[in-house]
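Working notes, beginning with the structure itself.
The values are calculated or read from the model by the stated rules, or taken from the named source; none is laboratory data. Treat the numbers as computed from the prediction; the structure is a model and nothing was measured. Don't worry about glycine lacking a Cβ; one is built from the backbone with ideal geometry, like all the others, and counts go over all protein chains shown.
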């Protein structure tokens, strides 16, 4: 089976990877979220999904992260045996749509802030 990266149709599963406390309905692109670290009276999530993609071995998500500063983050998870292991984190890089995300990952230009010893992203077959 080809391990092609494809857009993730069911974004509700992504919320568990980013923040297990986020409700399923709140973690869709364009939904309101708390962009600051100020008390969240409306109980909005601190993240807003931008784009997600999945292959047979990887799940990749780009999202806005609220807090003291608003940041753009991308995380790559390795999928195996029903588990997802975080293997890549990039602050300020990723994609604003599926094509941008795919190109950024496949180009090898995205830096890994999770581990300073990792220099290349995982390979994703076309």
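A few points about this structure:
- Flag: residue 7 does not match the condition of being surrounded by 13 or more Cβ atoms within 10 Å (Cβ to Cβ), touching a helix residue (DSSP H, G or I) at 6+ places or on another chain (Cβ under 6 Å) and modelled with pLDDT of 80 or more.
Let's see how each residue does on (1) touching a residue at least 24 places away in the same chain (Cβ under 8 Å); (2) within 15 Å of residue 114 (Cβ to Cβ):
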| site | (1), (2) |
| --- | --- |
| 42 | no, no |
| 47 | yes, no |
| 51 | yes, no |
| 65 | no, yes |
| 82 | no, no |
| 90 | no, yes |
| 98 | yes, no |
